[in-house]
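The values are calculated or read from the model by the stated rules, or taken from the named source; none is laboratory data. Bear in mind the structure is a predicted one, so any value in this text is a computation, not a measurement. Quick reminder, even Gly has a Cβ in these numbers, built from the backbone with ideal geometry, and neighbours come from all protein chains shown. With ligands, DNA and RNA removed, areas are computed over all heavy atoms of the protein, side chains included. Shrake-Rupley method; radii C 1.70, N 1.55, O 1.52, S 1.80 Å.
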Amino acid sequence: MHPFIEEQIHSQMSGTMDSLTREQVCAALPDSRVGESATNKGTKMTQFTLSARVLLLLAMLLTLGCSVESANTDSDSSGNSDSDSDTDSDTDSDSDSDSDSDTDSDSDSDTDSDSDSDTDSDSDSDTDSDSDSDTDSDSDSDTDSDSDSDTDSDTDSDTDSDSDSDTDSDSDSDTDSDTDSDTDSDTDADYQACEESTIGDSSNTVGVNVNGAEHVVAKEIFGLLMETLGNNVNNGVWVGKNSPIPNTEGVRNDIIEAFKDAGVGAIEWPGGCAANNFNWEANINPSNTMGVNRFIEFAKEVGAEPVLVGRSPAQYAASNRAWIDYVKNDLGYDLKYFKIGNEVWGCGGNLGHNYASSGYEAMFNANYDAIDGQVEYLIAATAGIWTTGSDQWTGPMLDSIGNKIDGIEVHDYNYFPDDVPCVGFTEEQYHDVIYMADEGQMAPRIRDIRGIIEKRDPSGRIKIIEDEWGDWLIEWKPADSWLQQGTVMDALSAALTLNVFIKNADIVQMAGLAQSVNVIHSLILTNSVSGGTDMVKTPTYYVFKMMKSHHAKNAKYAPVSISSEKVSGGGHNYNVISSAATVNDDGQVNISLANVDLNAEREVTITIDSGEANYGIRSAQVVTGPQKDSFNDFGQPEVVTLKDLDEGSAVACGKKIKVTLPSKSVVMLTLDAF
């Protein structure tokens, strides 16, 4: 035995041995590594026998991981370990073994492990194994480990093995694992353990109650009104089968793909008011516009639910039923939504605002008798786009025929057709529109309608169908009274209103931005009317796209609590921050945030109430622009689009996140639990 090793063995036996490195022991071994001349035994057995020394040496070698060359060990031993071992390795080790190792296992291995092992790996490890290792074990080995081993490896290890070691296992080894093992391996630097206190606090806070997530956010909340109005359908969505613009059966291919990409969840057609005089039987498959057949196919291509609107008078009840039957039986689509008339107080019949004297009840009953049971949501009309301070229609209607109604129509615009331009508006006008998009108008009106419904339907069966909403401003070009340019303000306004809908996901079933293409507050603008092939995606389009995760993977609304600084403008003093949150079936948390401050960025600290220990940022995206009325125009690079948030603007630690929101921006965070 090498003198250095013997000296350390003596020290070990006397309790004085210092810890050895693998290099020290391996360097001390002779080339043979195994076996020793019998003539040397007599001089080196002063305290213990050769076999004891060899066993102890082998134990040291195994512990230190020295390789044994030319070794072929046949073991008939039984190893029993009842120890508590704690190995803590915080090293940066780089092990490079250029050997060809071939591991060939033809064994019945039985390893009996009744241990509680907790392996916690927060390492950046790169293990590269190109080995043929062949381990030859003719042993009956039974390893019984009743130990509590805790291996904590924070190493950067790079193991490259190209060895020629030959281990062939023809043994009867039996592997039986009754362990409680907890392996936690996350190599993303964002997910490293840290102290939440390092995140700090902000003047604006958002609390997300993941544990309280119950109600699925319907994809139909991210719907559109596609009325046959202006250049919405004709010269917008529809260009005809013979158009040089790439199309599928007359519908622009780029719009099909854009709606899919934006996650459009529902499309209402043919109106709006246009529905009140629409004869579906004469428009099944017309050659000059989108008919019933092409609309249903279009909705299917996009992945959206079609919402059909029928004529309300009683004499059309049978025709409305026949329409539903045609879609279900001839087109093979199980229709989910059908509305009886549109804005019957005005364009849908001029019935006024008093339900009792309107005559609408007889109309609805006739349609109910014809249609009952054929659709999931039979939707009743309401009176006007306002409810605050008056309940002359919705309440009395629900008192009378509420048991027959599945949803009620609600229309509510940020409505300034006479004094707010779609481009070039003032700061005061900006604040007026933004204020109304949330706490000034949309939120309280949803709250009022909710109260009216819940008083009559505490079960929550009857839903709100907000199938017309958005910014209705002065037209962009006088030649087209329906065309508005979409700006950063419209993107912010849309985000605030969508946050309101998400926070009321238990009662808001469908919502239709008005409208889809070339009309009012739309997602898409086209040059089709002049024969051009250009298509522009508005800033609101990118808000729909970035918020798509709010209605994917069965996402449920997670209640939020907000403490926000205030911003002033337009005579209003209101919250500078808006937010909504969802959690999906994968446990990911999606948080939409808006900063309506025109000039300053705002910092927000988010706290997650969840059973999970930590969250990391999977993605952080932003929609904003240089000016409040920045927009995307034909033939020009996009000024407002969807981008990644600047690096360092969002950090996560434990269940706490801090994010810096640029001025006049919408931000979407997706968090992974780990």
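Counting only Cα, what are the radius of gyration and maximum Cα-Cα distance Dmax of the stretch 242-288, in Å?
Every Cα atom of the stretch 242-288 included, Rg and Dmax give 13.4, 33 Å.
Apply the a/c threshold of 1.5 to the C-alpha gyration tensor of the stretch 499-599 and tell me whether it is rounded, prolate or oblate.
oblate
For the stretch 279-438, what relative contact order do you get, as a whole percent, if you take Cα pairs closer than 8 Å and at least 6 residues apart? Intermediate values should be presented prior to the final figure.
Working: 192 pairs, mean separation 29.3, N = 160.
It rounds to 18 percent for the stretch 279-438.
Calculate what fraction, in whole %, of the accessible area of the stretch 265-344 sits on carbon and sulfur atoms when a 1.4 Å probe is rolled over the protein chains.
41
What ranking do 565-578, 258-271, 220-233 get when scored by the average of other Cβ atoms within 10 Å per residue, highest first? List each step's numbers first, then the result.
On the way: 565-578: 17.1, 258-271: 22.9, 220-233: 25.2.
Peptide ranking by packing, descending: 220-233, 258-271, 565-578.
Over the stretch 487-581, what relative contact order in percent results from Cα pairs under 8 Å that are six or more residues apart?
Relative contact order here is 26 percent.
Compute the FRET efficiency between residue 197 and residue 456 as 1/(1 + (r/R0)^6), taking r as their Cβ-Cβ distance and R0 = 41 Å, and round to the nearest 0.05. Let's see the in-between values first.
On the way: r = 50 Å, r/R0 = 1.21.
After rounding to 0.05, the efficiency reads 0.25.
Between residue 362 and residue 241, what is the label-point separation in nm under the 7 Å Cα-to-beta-carbon projection?
Here the answer is 4.4 nm between the modelled labels.
Which order do peptides 428-441, 411-424 fall in by mean Cβ count within 10 Å, highest first?
428-441, 411-424
Name the shape class, rounded, prolate or oblate, that the alpha-carbon gyration tensor gives for the stretch 386-439, where a ≥ b ≥ c are the square roots of its eigenvalues, rounded holds for a/c under 1.5, and otherwise prolate holds if a/b is larger than b/c and oblate otherwise.
Prolate, since a/c reaches 1.5 and a/b exceeds b/c.
Please work out the average accessible area per residue across the stretch 199-277, using the 1.4 Å probe convention, and give it in Å².
Using a 1.4 Å probe on heavy atoms only, each residue of the stretch 199-277 averages 34 Å².
Local charge sum around residue 428 (other residues, Cβ-Cβ under 14 Å, Lys/Arg +1, Asp/Glu -1)?
-3
Ranked from highest to lowest mean number of other Cβ atoms within 10 Å per residue, what is the order of the peptides 443-453, 533-543?
Top to bottom by mean Cβ count within 10 Å: 533-543, 443-453.
Provide the solvent-accessible area of residue 273, counting protein heavy atoms only and rolling a 1.4 Å probe, rounded to the nearest 10 Å².
Probe radius 1.4 Å; accessible area of residue 273 about 50 Å².
Pop the C-beta distance of residue 566 and residue 273 into the FRET formula with R0 = 45 Å and round what comes out to the nearest 0.05.
With a Förster radius of 45 Å, E is 0.70.
Taking Cα pairs under 8 Å and at least six residues apart, what relative contact order does the stretch 211-355 come out at, in percent? The partial results should precede the final answer.
Values: 218 pairs, mean separation 32.5, N = 145.
In percent, rounded to a whole number, it is 22.
Based only on Cα atoms, what Rg/Rh ratio does the stretch 519-568 have, Rh being taken as Kirkwood's radius?
1.19
Distance in nm between label sites at residue 427 and residue 618, each 7 Å beyond Cα in the beta-carbon direction?
Placing both labels 7 Å beyond Cα along the Cβ direction yields 4.0 nm.
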